[in-house]
Amino acid sequence: MLLGPSGSGKTTTLKLINGLLTASAGRVLVEGRSVAEWDITELRRHIGYAIQEVGLFPHYTVEKNVALVPRLERWPEEKIHKRVQEVLQMVGLPAAEFASRYPDELSGGQRQRVGLARALGADPPILLMDEPFGALDPLTRAELQKEFKRLQQRLRKTVVFVTHDVSEALLLGNRIALMESGSLHGVYTPQEFVTKPDALVRRYVEAFQATQHIFQT
Amino acid sequence: MLEFFAAHKREIATLTGEHLWLVGISMLLAIAVGIPLGILLTRRPGWKTAVLGSNSVIQTIPGLALFGLLLPLPWLGARADRLAIFALTLYALLPIIQNTYVGISGVAAPVREAAVAMGLTNRQLLWQVELPLAANVIVAGVRVATVFVIGLATIAAAIGAGGLGEFIFRGLAMVNNDVILAGAIPAALMALIADGMLALLQRRLTRAHH
C-alpha cells in the first residue's frame, strides 16, 4: 500500500515500476532485475495494471478488453476463451451476461471490475493499482474492496496499491508505505501503523479515528 | 435543358467519368499521404506548425492560380491531368492531415496510458487503439476534402485536364446556361452522393463503438 497525500509521489512510484516513467537516479528492481534491464514490453505484460479512470478500450467489448494481454501474448483462442470466463467470474461479472457488452453499457462499478479483470487477464504475478476504487460511490467501493480482499487471499499476487484513503490502506494492506513530498516516510504493518508514536503517522490515524468517533458514543 | 442533356448524354457520361477519375486518384493520393503525415504529427508534435502551416498557405492560393503556376514545371506540366491531380491532391491534404492529428490526439489519456502499461507496442497502440478510435474523425476529414475537390476539379478543364468543367467553361464562353448546367448539375450530384456515402461510413464507424 502506497499511502500519502496528492503529489507525494505515489503514482510516480507506481509508474517507475512498469517503466511508464524512467528513474532519473537509482534503480527499480522487479523480481531482482533492474527495470532498465527488462525488455520493456515483456515487463509490462508481466505486470497487471488497473487505474481509477479504468482506461478500458471503448471500442472493445468486455470480452476483448479482458482478453487483451492474452491475445498480445498469442495464447490459443480456446485458452483465452476459458480464461476470460474464469476472470470475469472472479470479479463477479458472469460472462454470459457481460462478455459482449461495451464499456459504456456498464455502471462505474462494473467498469472497475472489468478493469480489474483485464489486469488479471494473463495471470500476471504482479499487479499495480492506482486508486482503482477512488471514483466509486461509498457502497460500491466497500463492496469492491471486500471482494478484492477475498480475491487477493486466494490469488496471492504481489500487489502495489496506491491510495490516499487510510481506511482502505488498513483494510487491504499487509504493509503500508507512507509517502510524504516525494520521499518514503516509513513502512509499517497495519498493526504498527495504528500504534506508532511517529507524528505524521499519528495524524493519519487520528484523521481515521475522527471518522470512527460516532460509533463510540 | 432536358433536350440538351438528352442530346449530349454520351458526352456528359464521358466527362463525368473523367471527373470521377481526377477526383478519385487525387483523393487516393491525398489519403495515402495525409493519414501517415497526420500520424507522424502526433509522434513529432514539433513538426505540426511547419506541416499544417505550409498546407494552409497552399489552401489560400486560388485554384486557377495554382494550376497556372504549376504549368511550367518540367514533369508535372507535361500532362494536364497529371498536373490537375497533383494540385487537387495538395488541396485535399489539409483536412485529412488535420483530422487525423485531431482524431488521434483526441483518444482519452487513460485509454492510451492503460494500453501502454498493458504492454502494447507503439505499432499495436496505433492500429488497435488510436486509428480505430480516430476513424470517424479521419473519415470526416476525407468527406470535407472529397466534396471540396469535386467542386474544385471543374477548374481543371481550364488547363485542358477534362472533367465536367469542360461544359462549364464552354457554357460560359457561349453564354448558354444549358451547357453550364450540363457540367454543374452532375458535379453537384457527384458531391452530394460522395458526401452521403461518406456520412454513412462515418456513422457506422461511430456506432461501432457507440
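The values are calculated or read from the model by the stated rules, or taken from the named source; none is laboratory data. Keep in mind the model is a prediction, meaning the values are calculated, not measured. For neighbour counting, all protein chains shown are included, and Cβ atoms are generated from backbone atoms with ideal geometry for every residue, glycine included.
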### Options A:Arg141, A:Arg101: the member that is within 11 Å of another protein chain (Cβ to nearest Cβ) and of a type outside the set (Phe, Trp, Tyr)
A:Arg101
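Quick one: would you say B:Pro132 is closer than 30 Å to B:Leu22 by Cα, within 11 Å of chain A (Cβ to nearest Cβ) and either without any contact (Cβ under 8 Å) to a residue 60 or more places away in the chain or not small (Gly, Ala, Ser) (or both)?
Values: closer than 30 Å to B:Leu22 by Cα: yes; within 11 Å of chain A (Cβ to nearest Cβ): yes; either without any contact (Cβ under 8 Å) to a residue 60 or more places away in the chain or not small (Gly, Ala, Ser) (or both): yes.
It is true that B:Pro132 is closer than 30 Å to B:Leu22 by Cα, within 11 Å of chain A (Cβ to nearest Cβ) and either without any contact (Cβ under 8 Å) to a residue 60 or more places away in the chain or not small (Gly, Ala, Ser) (or both).
Matching residues to (1) hydroxyl-bearing (Ser, Thr, Tyr); (2) in contact with a strand residue (DSSP E or B) (Cβ under 9 Å, 6 or more places away or on another chain); (3) over 30 Å from B:Leu40 (Cβ atoms); (4) at pLDDT 95 or above:
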| position | (1), (2), (3), (4) |
| --- | --- |
| B:Thr100 | yes, no, no, yes |
| B:Val142 | no, no, no, yes |
| B:Ala161 | no, no, yes, no |
| B:Met197 | no, no, no, yes |
| B:Arg207 | no, no, no, no |
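When you look at B:Leu66, is it within 14 Å of chain A (Cβ to nearest Cβ), assigned to a helix (DSSP H, G or I) and touching a helix residue (DSSP H, G or I) at 6+ places or on another chain (Cβ under 6 Å), yes or no? Break it down stepwise before answering.
On the way: within 14 Å of chain A (Cβ to nearest Cβ): no; assigned to a helix (DSSP H, G or I): yes; touching a helix residue (DSSP H, G or I) at 6+ places or on another chain (Cβ under 6 Å): yes.
In short, no.
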### Query
Among the residues of the stretch A:1-29, which ones are over 17 Å from A:Gly134 (Cβ atoms) and assigned to a strand (DSSP E or B)?
A:Leu29
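So which helices (runs of 4 or more DSSP H) are wholly in the stretch A:46-106 and hold at least 2 residues that are closer than 23 Å to B:Ala117 by Cβ?
A:62-66, A:68-72, A:77-90
Suppose we filter B:Leu28, B:Leu90 for residues that are free of Cβ contacts under 8 Å to residues at least 12 places away in the same chain, assigned to a helix (DSSP H, G or I) and under 14 Å from the mean Cα position of the chain (by Cα); which single one remains?
None of the other options fit; the residue is B:Leu28.
Yes/no matrix, rows are residues, columns are (1) within 14 Å of chain A (Cβ to nearest Cβ); (2) touching a residue at least 40 places away in the same chain (Cβ under 8 Å):
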residue	(1), (2)
B:Gly119	yes, no
B:Leu125	yes, no
B:Arg143	no, yes
B:Ile159	no, yes
B:Gly163	no, yes
B:Ala173	no, no
B:Leu181	no, yes
B:Pro186	no, yes
B:Leu189	no, no
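Check A:Leu170, A:Leu136 and return the single one that is crowded, with 16+ Cβ neighbours inside 10 Å and not in a helix (DSSP H, G or I).
Values: A:Leu170 fails: not in a helix (DSSP H, G or I).
Within the list A:Leu170, A:Leu136, the selection yields A:Leu136.
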### Number of the condition not met by A:Ala95 [criteria: (1) within 11 Å of another protein chain (Cβ to nearest Cβ); (2) surrounded by fewer than 19 Cβ atoms within 10 Å (Cβ to Cβ)]
(1)
### Top-ranked residue of the stretch A:25-64 - restricted to ones that are among the charged types (D, E, K, R) and within 8 Å of chain B (Cβ to nearest Cβ), ranked as surrounded by the most Cβ atoms within 10 Å (Cβ to Cβ)
A:Arg44
### Summary
Here the qualifying pairs (Cβ atoms under 9 Å; residues six or more apart or on different chains; first in the stretch B:104-116 and within 10 Å of A:Phe57 (Cβ to Cβ) and at the interface with another protein chain (Cβ under 7 Å from one of its Cβ atoms); second of a type outside the set (Phe, Trp, Tyr) and part of a helix (DSSP H, G or I)) come out as B:Val111/B:Val129; B:Val111/B:Leu133; B:Ala114/A:Gly115; B:Ala114/A:Arg118
### Message
For the stretch A:174-199, give me each residue that is surrounded by 14 or more Cβ atoms within 10 Å (Cβ to Cβ), over 19 Å from A:Thr12 (Cβ atoms) and under 15 Å from the mean Cα position of the chain (by Cα).
### Response
none
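Might you let me know whether the stretch A:67-88 holds any residue that is buried (at least 17 other Cβ atoms within 10 Å of the Cβ), more than 12 Å from chain B (Cβ to nearest Cβ), closer than 21 Å to A:Leu155 by Cβ and in contact with an Asp or Glu (Cβ under 6 Å, 6 or more places away or on another chain)?
Of the residues in the stretch A:67-88, the ones buried (at least 17 other Cβ atoms within 10 Å of the Cβ) are A:67-70, A:72, A:75, A:80, A:83-84, A:87-88.
Checking the rest, the ones that are also more than 12 Å from chain B (Cβ to nearest Cβ) come to A:75, A:80, A:83-84, A:87-88.
Filter once more, keeping what is closer than 21 Å to A:Leu155 by Cβ: A:75, A:80, A:83-84, A:87-88.
Now drop any that are not in contact with an Asp or Glu (Cβ under 6 Å, 6 or more places away or on another chain), which leaves A:84.
Among the residues of the stretch A:67-88, at least one is buried (at least 17 other Cβ atoms within 10 Å of the Cβ), more than 12 Å from chain B (Cβ to nearest Cβ), closer than 21 Å to A:Leu155 by Cβ and in contact with an Asp or Glu (Cβ under 6 Å, 6 or more places away or on another chain), which makes the answer yes.
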